[in-house]
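K.L.:
Below you'll find the structure I mean.
The values are calculated or read from the model by the stated rules, or taken from the named source; none is laboratory data. Keep in mind that what you see is a predicted model, and the values were worked out from it rather than measured. No Cβ is skipped: glycine too gets one built from the backbone with ideal geometry, and neighbour counts run over all protein chains shown. For accessibility, only protein heavy atoms count, side chains too; no ligands or nucleic acids. Shrake-Rupley method; radii C 1.70, N 1.55, O 1.52, S 1.80 Å.
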Amino acid sequence: MKTSDSGHVNKSHKVMHKTSDIGILGGTFDPIHLGHLNPAKELLKWLGLDHLVLMPAAIPPHKAGTSASAQQRAQMVKLACEQEKVFHCDERELKRQSTSYTLDTLLEIKKEHPHQRIFFVIGMDSLFTFTKWHKWQEILTLCHLVVNTRPGYELADMPADTRQLLARHQVTDVSALKQSLAGNIILAPESRWDISSTQIRQQLKSGLDCQSLLPAPVLAYIRQHQLYR
């Protein structure tokens, strides 16, 4: 989540009170798919979390545009959350009228929950560019970074500044991660789910079957609104 993404403010705020730790997965979710949801469920178990907040990004600074509208992407996230009660949609970023940065969202959440630990989940591609993010040093004062690893991003290809970042902040087990409120980075076990939204959009445009890649209500919504044609 280079920018931020969030869902129903009231609902997600209530959810965050249920656990001492807050897990956040942000993304464009264009569309949300099982390559997001299944690794997220694995992460929940690995981190010992009860819930994960999914935050659809409004106007990501790092992306020129999305295929579905912000409202449509949020609705697809909500449909996925209805199927999986461990997920909750937070739309706060969609309410912003300007570019939405991760830092802004984390500052808001930390103000609301000053004593709770935040696990901010990003992909390996985002880790490789993290030192280019808006005020990235401040981000690390507010949360721990949990990096979803997947095929295609080799550690040998890691930029030098990312290597230096890991040398300063990386921990290798969850118990070490939980010894402080913020400032650490951990690489999660590699997920078997190597699916991208780009791949799914291409398959949908070509009329190929995506039933095994998308939650059924999300696929039904895409068909109903003729998205990604």
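K.L.:
Which residues, counting only those in the range 206-229, are surrounded by fewer than 17 Cβ atoms within 10 Å (Cβ to Cβ) and under 15 Å from H33 (Cβ atoms)?
P.N.:
Taking the range 206-229 as the starting set, the residues that turn out to be surrounded by fewer than 17 Cβ atoms within 10 Å (Cβ to Cβ) are 206-209, 211-212, 216-217, 220, 223-226, 229.
L208, D209, Q211, S212, A216, P217, A220, R223, listed by residue number.
K.L.:
Next up: Search the range 118-147 for residues that are free of Cβ contacts under 8 Å to residues at least 24 places away in the same chain and charged (D, E, K, R) and pair each with any residue that is open to solvent by 20 Å² or more (accessible area, probe 1.4 Å) and not in a helix (DSSP H, G or I) when their beta-carbon atoms are under 8 Å apart and the residues are at least 6 apart or on different chains.
P.N.:
none
K.L.:
Provide a single number: the residues in the range 125-147 that are under 24 Å from H51 (Cβ atoms) and either more than 14 Å from the chain's Cα centre (by Cα) or part of a helix (DSSP H, G or I) (or both).
P.N.:
So the first thing to find is which residues in the range 125-147 are under 24 Å from H51 (Cβ atoms), and the list is 126-127, 139-147.
The next check asks that each one be either more than 14 Å from the chain's Cα centre (by Cα) or part of a helix (DSSP H, G or I) (or both); those that pass are 126-127, 139-142.
Residues meeting the conditions: 6.
K.L.:
Among the residues that make up the range 148-165, is at least one of them assigned to a helix (DSSP H, G or I), in contact (Cβ under 8 Å) with a residue 12 or more places away in the chain and not acidic (D, E)?
P.N.:
The answer is yes, given that some residue of the range 148-165 is assigned to a helix (DSSP H, G or I), in contact (Cβ under 8 Å) with a residue 12 or more places away in the chain and not acidic (D, E).
K.L.:
Pull up the range 65-90, narrow it to residues that are β-branched (V, I, T) and modelled with pLDDT of 90 or more, then point me to the one that is farthest from P215 (Cα to Cα). Break it down into steps so the answer makes sense when it comes.
P.N.:
Filtering the range 65-90 down to residues β-branched (V, I, T) leaves 66, 77, 86.
If we keep only those that are modelled with pLDDT of 90 or more as well, we get 77, 86.
Details: V77: 10, V86: 15 Å.
This residue is V86.
K.L.:
Further question on the same structure: Of everything in the range 81-107, what is open to solvent by 10 Å² or more (accessible area, probe 1.4 Å), part of a helix (DSSP H, G or I) and among the acidic types (D, E)? Give them in sequence order.
P.N.:
Within the range 81-107, E82, D104 meet the criteria.
K.L.:
When only residues in the range 140-174 that are polar (S, T, N, Q) and over 20 Å from P39 (Cα atoms) count, which is least open to solvent (accessible area, probe 1.4 Å)?
P.N.:
Pass one, the range 140-174, residues polar (S, T, N, Q): 141, 148-149, 162, 164, 170, 172.
When the remaining residues are screened for being over 20 Å from P39 (Cα atoms), the result is 141, 162, 164, 170.
Details: T141: 96, T162: 0, Q164: 103, Q170: 77 Å².
The residue in question is T162.
K.L.:
Just one of (1) within 20 Å of D161 (Cα to Cα); (2) in contact with a helix residue (DSSP H, G or I) (Cβ under 8 Å, 6 or more places away or on another chain); (3) surrounded by fewer than 21 Cβ atoms within 10 Å (Cβ to Cβ); (4) not charged (D, E, K, R) trips up Q137, so point out which.
P.N.:
Of the numbered conditions (1) within 20 Å of D161 (Cα to Cα); (2) in contact with a helix residue (DSSP H, G or I) (Cβ under 8 Å, 6 or more places away or on another chain); (3) surrounded by fewer than 21 Cβ atoms within 10 Å (Cβ to Cβ); (4) not charged (D, E, K, R), the odd one out for Q137 is (2).
K.L.:
Next question. Just to be sure, is D194 assigned to a loop (DSSP other than H, G, I, E, B) and either at positive phi or under 17 Å from the mean Cα position of the chain (by Cα) (or both)?
P.N.:
Judged against the criteria, D194 is a match.
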